[in-house]
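The block underneath contains the structure these notes are about, expressed in structure tokens.
No lab work stands behind these numbers, since they all come straight from the coordinates. The shown structure was predicted, so the numbers you read here are calculated from the model rather than taken from an experiment. No Cβ is skipped: glycine too gets one built from the backbone with ideal geometry, and neighbour counts run over all protein chains shown.
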Amino acid sequence: MTPTDDPRGHVTPALTDGLLRALLDSLGRSGVLTEPDDVAPYLTDWTGTHHGRVGAVLRPRDTAQVSDAVRLCAEAGVAMVPQGGNTGLCGGATPDASGRQVVLSLGRLRRIREVDPAADTMTVEAGVPLATAREAAAAAGRLFPLSMGSEGSCTIGGNIATNAGGTAVLRYGMMRELVLGLEVVLPDGRVWDGLRAVRKDNTGYDVKQLFIGAEGTLGVVTAAVLRLFPQTPCRATAWLAPRDVDAAVAILSVLRERAAERLTAYELVSRQALDMVLAHVPGTRDPFRENHPWYALVELGGPAAAEDLDTVLEASLGEAFERDLLVDAAVATGTAQREALWLMREGVSEAQRSEGPSIKHDVTLPIGDLAAFVADVGTRLRALLPGIRLVTYGHVGDGNLHYNLSGPVDDPSALLVLRDELTAVVYERVAQRGGSISAEHGLGTTKRDAAAALKGEVELDVARAVKGALDPTGLMNPGKVLLT
Ligand code: FAD
Ligand code: MLT
Ligand code: ZN
């Protein structure tokens with residue numbers, strides 16, 4: 001045995017022939033990949049910055065096969081890295097460089113086990129893509145509200161493991177609030193059937209919440225009971241040019257008061273982010289003649305019989321104009337225009353990726369602090385790296401900014417030389433204002449140490465105790481979230 005690159009020097013044995021034979025017996029030939037071309041797609045993350053190696057990629061078909069695979073690996077002392085759609089942004093689904101871990105892909109657990117419109121619940125397996133889950137709910141006349149740019153590829157299991165957020169959190173909450181029950185394979189291979197569909201259950205610790213947001217470090221989610229909602233077929237959508245970030249926040253208050261729970265999304269996009277979208281995303285067009293420093297995308301949603309959402313939106317925007325908060329607005333007049341506006345928001349991640357290396361900061365702040373944060377941190381970062389591009393956007397209704405950075409146009413890689421200094425400035429300012437350095441993407445490996453440095457020893461002790469209790473041998477996604 002040789003040590004892996006686990007920073008604590010944990011030792012993971014290589015896959016023996018005996019273990020591979022046992023895995024093949026259980027999962028079949030299509031369930032165990034070892035050829036370099038076959039495993040390659042599982043070894044690099046969406047950002048292209050995290051790369052690993054594996055002894056094998058395991059592709060179980062159902063919960064029983066997940067349980068077998070985990071038990072066999074656990075008995076052999078082989079570390080496992082659960083993976084869903086591989087769209088995570090913190091390196092959590094990438095194996096380490098040792099070649100001694102296995103990726104446990106949940107991509108073949110794709111059954112929609114049940115949709116119950118009367119109870120407003122749906123039971124789906126972990127590998128179901130988010131978009132497919134949304135379609136299944138819609139086919140039954142219901143809404144599963146989680147929504148994000150990656151929904152065609154990311155999976156329900158990954159959404160649960162990362163406690164994903166997205167563009168409808170303002171109204172429906174994060175994944176944690178959308179899960180009623182879970183089925184989980186524990187690190188020793190036992191299956192916990194917690195697929196409860198009730199809305200009230202005060203029978204002790206809420207065990208399922210431990211696995212939500214744990215990034216695969218405590219067990220493998222194999223299925224979940226999800227909450228459904230009434231559909232919102234009526235929608236009113238507009239692209240706004242607020243006077244500045246403070247004005248964008250003030251407009252949110254106006255919208256909240258007038259639209260109440262019908263306010264579904266409120267997203268911020270900086271001019272820098274929009275410029276990248278217009279350059280790289282086909283079919284996008286700036287609806288305004290003049291450039292503005294900031295934009296906001298607002299959407300209201302309601303049932304077909306609801307009063308006219310356009311009227312509510314227009315009244316809100318009218319008040320915002322009167323109070324000099326709003327400089328311009330473009331209201332979508334149909335589905336094609338609505339989709340075009342959403343493309344300008346959802347396209348930012350992909351557009352920024354096309355511009356070369358980037359640093360992602362996924363921060364939340366008290367909403368009233370956003371404008372001061374943007375001004376203060378922007379000044380400091382520009383002083384550190386003249387020409388740096390601040391690709392600021394995000395779920396401003398939740399106080400969540402994607403404060404992402406790209407290097408200067410003429411030298412994009414200069415960004416990475418200063419990575420630590422730039423990120424230190426951002427995190428220091430977030431901490432000073434009582435914010436969080438990971439609003440919705442999790443920690444993986446990229447934010448693990450920074451998060452630990454910001455948490456006190458007491459909180460870290462509790463976290464280590466939970467990890468130690470559920471995964472005493474440390475084989476479930478080691479090195480992610482927390483160093484044990
Ligand atoms: P993966 O990337 O495969 O895995 C993520 C983590 O979950 C890893 O730690 C992995 O080990 C673990 N994991 C995966 N499946 C399981 C399982 N079944 N059991 C246990 N652990 C598991 N995120 C947001 O929150 N909001 C956004 O708006 C958003 N927008 C995005 C837009 C783009 C273009 C992209 C590329 C990503 C975006 N993301 C967003 C990030 C990402 O899509 C989410 O984190 C998503 O929830 C990850 O799901 P996945 O199936 O791809 O998980
Ligand atoms: C988004 O909301 O578009 C993503 O979560 C942000 C990102 O890719 O950094
Ligand atoms: Zn986001």
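Would you list which lysines come within 21 Å of K480, measuring only between C-alpha atoms, while excluding same-chain residues fewer than 8 positions from it? Once the sequence-local lysines are set aside, what remains near K480 is K208, K360, K447, K455, K467.
Let me check against my output: what whole-number percent is the relative contact order of region 132-289, with C-alpha pairs under 8 Å and at least 6 apart? Intermediate results must be reported in sequence, preceding the final value.
Values: 187 pairs, mean separation 39.6, N = 158.
Once divided by the residue count of region 132-289, the mean separation gives 25 percent.
Across all Cα pairs in region 265-390, the calculated P(r) in 10 Å bins from zero up to the longest distance comes to 10, 36, 36, 16, 3, 0 percent per bin. Region 73-172 gives an Rg/Rh value of 1.05, both radii derived from C-alpha positions and Rh following Kirkwood. Using the Stokes-Einstein relation with a Kirkwood hydrodynamic radius computed over Cα pairs, the translational diffusion coefficient of region 110-151 at 25 °C and a viscosity of 0.890 mPa s comes to 237 µm²/s.
When the scattering of region 420-467 is computed by the Debye formula from its Cα atoms alone, each counted once and equally, what is log10 I(q)/I(0) at q = 0.20, 0.28 Å⁻¹? Debye curve over Cα of region 420-467, log10 I(q)/I(0) at q = 0.20, 0.28 Å⁻¹: -0.73, -1.20. Relative protection proxy for 43-52, 97-106, from highest mean packing down: 97-106, 43-52 (other beta-carbon atoms within 10 angstrom).
Shown here for region 190-245: chymotrypsin sites (Phe, Trp or Tyr not before Pro) in loop regions (DSSP other than H, G, I, E, B) with at most 10 other Cβ atoms within 10 Å, namely Y205. Averaging 1/r over each pair of different alpha-carbon atoms in region 358-418 and inverting the result gives 12.0 Å, the Kirkwood hydrodynamic radius.
The label-point distance for A414 and T34, in a model that sets each label 7 Å from Cα toward Cβ, rounds to 5.0 nm. Multiplying the residue separation of L454 and T311 by 0.36 nm and removing their Cα-Cα distance gives an extension gain of 46.9 nm.
The alpha carbon centroids of region 463-478 and region 393-419 are separated by 33 Å.
The label-point distance for R382 and L20, in a model that sets each label 7 Å from Cα toward Cβ, rounds to 5.7 nm. Taking a straight line from the alpha carbon of K200, these aspartates and glutamates sit under 16 Å away, with near neighbours fewer than eight places off in the same chain left out: D120, E177. When each of K208, K360 is scored by the number of other beta-carbon atoms lying within 10 Å, the sequence from fewest to most is K360, K208.
Taking every alpha-carbon pair under 8 Å whose residues sit at least 6 apart, the chain reaches a relative contact order of 15 percent. If you wrap the tightest convex hull around every Cα atom of the chain and split its volume per residue, you get 152 Å³.
When the P(r) is computed for region 78-123, the part past 17 Å accounts for 52% of the Cα-Cα pairs. For region 334-352 and region 14-45, what is the centre-to-centre distance using only Cα atoms, to the nearest Å? After rounding, the separation between the Cα centres reads 39 Å. Suppose we take every Cα in region 240-320 and form the convex hull; what volume per residue is that in Å³? With only Cα atoms used, region 240-320 gives 107 Å³ per residue.
Where the centre of each part is set by its Cα atoms, how far does region 266-292 sit from region 175-192, in angstrom? Region 266-292 and region 175-192 have Cα centres spaced 40 Å from each other.
Measuring how big region 359-484 is from its alpha-carbon positions, Rg and Dmax come out at 16.3, 51 Å. For region 116-265, the Cα gyration tensor yields ellipsoid semi-axes of 31, 17, 15 Å (square root of five times each eigenvalue, largest first, whole Å). Taken about its Cα centre, the chain carries a charge dipole of about 720 debye when Lys and Arg each add +1 at the Cβ and Asp and Glu each add -1 at the Cβ. Pairwise Cα distances in region 294-349 exceed 20 Å in 33 percent of cases. Full extension of the chain between A139 and R464 gives 112.7 nm of extra length, using 0.36 nm per residue less the Cα-Cα distance. Applying the criteria of a DSSP loop state and at most 11 other Cβ atoms within 10 Å to the GluC sites (Glu not before Pro) of region 237-320 yields E290, E307. Stretching the chain fully between V207 and T333 yields a gain of 40.8 nm (0.36 nm per residue, less the alpha carbon separation). Sites listed here are trypsin sites (Lys or Arg not before Pro) in region 213-288 whose DSSP assignment is loop and whose Cβ has at most 15 other Cβ atoms within 10 Å: R285.
Altogether, the Stokes-Einstein calculation at 4 °C and 1.567 mPa s, with the Kirkwood radius of region 10-103 over Cα pairs as Rh, returns a diffusion coefficient of 97 µm²/s.
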